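In what follows, a structure is listed as structure tokens, so that the remarks can point back to it.
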Ligand code: KIV
């Protein structure tokens, strides 16, 4: 490999670098992490952005929604992930109701994620109504990534995880939300589960990068929930998740092999024991 491309691969990813990638039409790769070993592997693989998502509430803690996640729980996940990551930009999700009540509270909680968790940016779901809060947090030196389209923290408002923005009225509202994030100083916007034509429109309109999940090829980058793309969750098969592995099958196979070996006195053997 040429020295210049190795240097590019090792270059620390910053919000500025993501902006350069948009301009250069270089796609941004992003995945979620909640634990040290996964975060280290994502970083080794060259993933550009690692989101400590509140999806941890579902895929790590087994809840039905992202709503139960608390600030202290998020902080724990952020700390273990940032301990592992050297190159990728690490973004921490702001949990439900940790940034909505007042700009002061949003700033205090975002500061904890940066200072105690060592995150390099935070993510907030919302849009126009959140603009004063985003401005306040950005003004304090904390990079904010917006999240529009399907907003999982609002699941009880929607009543369903169906695609958002399929009618023109809601599509316009999602566009306004994305624009509001940009005007308030956000460095990027996640667009979740909207028609690909809408995500492309937003991507073309904004100067900041868009990161799609279930939003098609037109976005500047892509994100998936890591346990989903690894095939660890056999209960969840939305069409936007491509399975890059079948870890659930592999892991169950390994666990039952071990179980059998213990029962049949095949583990441990002499080489695995001490004199
Ligand atoms: O919490 C999360 O993992 C997310 C991604 C789905 C973007 O917000």
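The modelled label-to-label distance between residue 271 and residue 19, using points 7 Å beyond Cα along the C-beta direction, is 5.6 nm.
When the chain is fully extended, how far beyond the present Cα-Cα distance does residue 97 get from residue 155, taking 0.36 nm per residue of separation? Working shown, then result.
Values: separation 58, 0.36 × 58 = 20.88 nm, distance 1.36 nm.
Stretched fully, the residue 97-residue 155 segment lengthens by 19.5 nm.
Using a Förster distance of 45 angstrom, determine the FRET efficiency expected from the C-beta separation of residue 258 and residue 44, and round it to 0.05. Between residue 258 and residue 44 the formula returns 0.95.
Would you mind classifying the range 52-140 by shape? Square roots of the alpha carbon gyration tensor eigenvalues, ordered a ≥ b ≥ c; an a/c under 1.5 is rounded, otherwise it is prolate if a/b is larger than b/c and oblate if not. It comes out oblate by the Cα gyration axes.
Between the range 209-243 and the range 93-141, the alpha-carbon centres lie 25 Å apart.
Relative contact order for the range 153-254: what is it in percent, counting Cα pairs under 8 Å that are at least 6 residues apart?
Working: 130 pairs, mean separation 17.5, N = 102.
Once normalised by length, the contact order is 17 percent.
Full extension of the chain segment joining residue 204 with residue 217 gains 3.4 nm, where the gain is 0.36 nm per residue of separation less the Cα-Cα distance. By the beta-carbon count within 10 Å of each Cβ, the least crowded to most crowded order of 83, 200, 239, fewest first, is 239, 83, 200. Pairs of C-alpha atoms in the range 98-191 farther apart than 19 Å represent 40 percent of all such pairs. Could you grab the relative contact order for the range 21-78? Cα pairs under 8 Å, six or more apart, rounded to a whole percent. That works out to 29 percent.
Ordering 90, 252, 144 from the fewest to the most neighbouring beta carbons within 10 Å gives 252, 90, 144. Counting other Cβ atoms within 10 Å as a rough exposure proxy, the listed residues 85, 241 run 241, 85 from fewest neighbours to most.
As a length-normalised measure over Cα pairs under 8 Å and 6 or more apart, the relative contact order of the range 3-244 settles at 17 percent. Spatially, the range 155-202 and the range 10-87 are offset by 21 Å when compared through their Cα centroids.
Summed over qualifying helices (DSSP H, 4 residues or more, each -39500 (n - 2.57)) and divided by its residue number, the chain shows a 222 nm mean residue ellipticity of -12500 deg cm²/dmol. Prolate is the label for the range 155-242, because the ratio a/c of its alpha-carbon gyration tensor axes (a ≥ b ≥ c) is 1.5 or higher and a/b is greater than b/c.
Once the mean of 1/r is taken over each pair of separate Cα atoms and inverted, the chain shows a Kirkwood hydrodynamic radius of 19.7 Å.
Rule-based calculations on the coordinates, nothing more; no lab input. Quick caveat, the model's predicted, so the values are computed rather than measured. Here the Cβ is made from the backbone with ideal geometry for all residues, glycine too, and neighbour counts use every protein chain on show.
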